[in-house]
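I have placed the structure first, in the form of structure tokens, so that the comments after it can refer back to it.
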Amino acid sequence: MTTPLPGQMMDVPLTVSSLLAHASRHFGTTEIVSKRVEGDVHRYTYRDCEKRAKQLAQGLIALGVEAGDRIGTLAWNGYRHLEIYYGTTGFGAVCHTINPRLFPEQIVYIVNHADDRYVMFDTTFAALVDALAPKCPNVRGWIALADDARLPRMTTPVMGYEALVRAEDGDFDWPLLDERLASYLCYTSGTTGNPKGALYSHRSTVLHAYAVSLPNASGLSARDCALPVVPMFHVNAWGIPHAAPLTGAKLVLPGKDLDGKSLYELMEAEHVTYSAGVPTVWLGLLNYMRETGLRLTSLKRTVIGGSACPPAMLSTFRDDYGVEAIHGWGMTEMSPLGTVARLNGEQAQRSPDEQRSLLEKQGHVIYGVDMKIVGNDGRELPWDGVAFGELYVRGPWIIDGYFRSDVSPLVDGWFPTGDVATIDRDGFMRITDRSKDLIKSGGEWISSIEIENQAVAHPAVAEAACIACAHPDWKERPLLVVVKRADAEVTREELLGFYQDKVARWWIPDDVVFVDELPHTATGKLNKLVLRERFRDHILPSACKVVN
Ligand code: ADP
């Protein structure tokens, strides 16, 4: 028997700092442009960014922060947040991004659960920090991302970020860390129960950055200008703050204003070619362009994910604006990217309808991720595009446990996502629902996402949510909750008629309710928990028995 033969290659660890070091050395003059909370636009280069990230690392070490300590952030997408990404992880501390849109009690829970040493915050969150600080006794200091001259008036004693950075010289070498050490900590939004922490490693972060950069995924390159609309507090802005320095792409960070007009103006001014965000922000941008008649002149591709992208949005981007809108799927527990809907050469030769139907799905796995769907009996289901079951995943950037939890979420080495999906012969996955949002009518499942996608294809519908409503005969029947477009009119009957021949007859909702606004979660998803609660006592017309 021969003995295994070790390879003879350098054992260079995959560290987060290596991404910025690479950009600083090889794309040193490429710009990072940020819309600041101060109101102006800040510009500097990857080289400047690395220098200040090193100064920050020195400053934190001087404050007594050690490898493994968690540093919280409450911040928008901006250059200082980027410096914190690298200035903490660069010496082994853990960057813990907190979603400021969560309820304050959830943030308190998260800060205490993570045991954050310091929390750095944009000055827009000064009042929030004043509310949190008394309930977070283990935080040693709160650091405002500002000049000393601009520190907000607060009851909490705060330090100024700029003073911390300026006190150091940046003469610092990133240590060669063990790549399996923790890098980032991201909590899920916890729509059910407390938020849960996903603790990434340097290795998983770098491998994920490689994978998202590949042509089959984002296809970022040094010729691109990337603007992540997805916040840096939402699963590391889907890896763009790592993929951009890896590829040398210019980076544009939009700050707090994510309305259609602000995004449009920034994209045009900076010649943005690539972006990524959830469907709700794109709704704002598309509405703005429709109202003003303006067009995007530089944007080539945008990834849309985080919740199901309605096919109507994909075709508007593609057909009306010539932008390749790419549907993607992932989750916090997956760093987050899992699948991307892009065609191979053979698929791109198929009929336009067949291509469209593939592109509307959540897509094909990227290298590194494996997936399967399983039925109620735990057995794997066929990839026929029809059978649907719970989606399981595995791979090197998928968690194998939650932070500070002894209970393994894995089943036979796979992570159950809680999503219900089909996979077709091409390996394209389509999410039918989150398992808790499925509607069970007379023992059969109805996909709420499919019903919503059809609704928003109606020209008078701006946004729609489909939820289960109690029914005496069928247990549950679908109820459609709709926000109309400004100045558009449509009746309940017209909308229900719109479904004829588009979905199975028994999938057609039993009722439609019009509302001014739909509730969203802190990560921009439809908040169906709130909706189900609001319409708990709604009586469907089909549920009323005629009594003589
Ligand atoms: P949260 O903290 O809001 O749960 P995540 O981003 O981790 O944030 O949420 C992941 C979930 O979002 C997935 O499990 C899935 O249900 C949903 N999701 C993400 N992308 C898509 C998509 N393209 N289509 C449908 N659902 C999606």
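The values are calculated or read from the model by the stated rules, or taken from the named source; none is laboratory data. Treat the numbers as computed from the prediction; the structure is a model and nothing was measured. All Cβ positions, glycine included, derive from the backbone under ideal geometry; neighbour counts span all protein chains shown.
Can you tell me which residue among LEU185, LEU164, LEU177 is crowded, with 20+ Cβ neighbours inside 10 Å, in a strand (DSSP E or B) and either free of Cβ contacts under 8 Å to residues at least 12 places away in the same chain or not polar (S, T, N, Q) (or both)?
LEU185
Regarding LYS372, is this residue under 28 Å from PHE233 (Cα atoms), within 16 Å of the ligand (Cβ to nearest atom), out of contact with any Ser or Thr (no Cβ under 6 Å at 6 or more places or on another chain) and not in a helix (DSSP H, G or I)?
Working: under 28 Å from PHE233 (Cα atoms): no; within 16 Å of the ligand (Cβ to nearest atom): yes; out of contact with any Ser or Thr (no Cβ under 6 Å at 6 or more places or on another chain): yes; not in a helix (DSSP H, G or I): yes.
In short, no.
What are the residue pairs meeting all of these: first residue in the stretch 319-338, first residue in contact (Cβ under 8 Å) with a residue 24 or more places away in the chain, second residue within 6 Å of the ligand (Cβ to nearest atom) and among the acidic types (Asp, Glu), Cβ atoms under 9 Å, and 6 or more apart or on different chains?
So the pair list comes out as TRP329/ASP419; MET331/ASP419.
Mind telling me which of the residues LEU258, LEU263 ends up being outside any loop (DSSP other than H, G, I, E, B), more than 16 Å from the ligand (Cβ to nearest atom) and in contact (Cβ under 8 Å) with a residue 24 or more places away in the chain?
Being outside any loop (DSSP other than H, G, I, E, B), more than 16 Å from the ligand (Cβ to nearest atom) and in contact (Cβ under 8 Å) with a residue 24 or more places away in the chain holds for just one of LEU258, LEU263, which is LEU263.
For the stretch 234-253, which residues satisfy the criterion of being more than 16 Å from the ligand (Cβ to nearest atom), among the aliphatic types (A, V, I, L, M) and either in contact with a strand residue (DSSP E or B) (Cβ under 8 Å, 6 or more places away or on another chain) or not in a helix (DSSP H, G or I) (or both)?
ALA243, ALA244, ALA249, LEU251, VAL252, LEU253
Is there a residue being in the same structural domain as PHE172 (by TED's automatic domain parsing), surrounded by fewer than 20 Cβ atoms within 10 Å (Cβ to Cβ) and on the phi > 0 side of the Ramachandran plot anywhere in the stretch 10-26?
No - not one qualifying residue is present in the stretch 10-26.
Of GLU390, GLU354, which residue is on the phi < 0 side of the Ramachandran plot, outside any strand (DSSP E or B) and among the acidic types (Asp, Glu)?
From the options GLU390, GLU354, the qualifying one is GLU354.
Taking TRP397, is it surrounded by 23 or more Cβ atoms within 10 Å (Cβ to Cβ), closer than 30 Å to ALA114 by Cα and either of a type in the set (A, V, I, L, M) or at pLDDT 95 or above (or both)?
Spelling it out, TRP397 is indeed surrounded by 23 or more Cβ atoms within 10 Å (Cβ to Cβ), closer than 30 Å to ALA114 by Cα and either of a type in the set (A, V, I, L, M) or at pLDDT 95 or above (or both).
State the number of residues belonging to the stretch 425-446 that are surrounded by fewer than 20 Cβ atoms within 10 Å (Cβ to Cβ) and either within 25 Å of the chain's Cα centre (by Cα) or within 9 Å of the ligand (Cβ to nearest atom) (or both).
5
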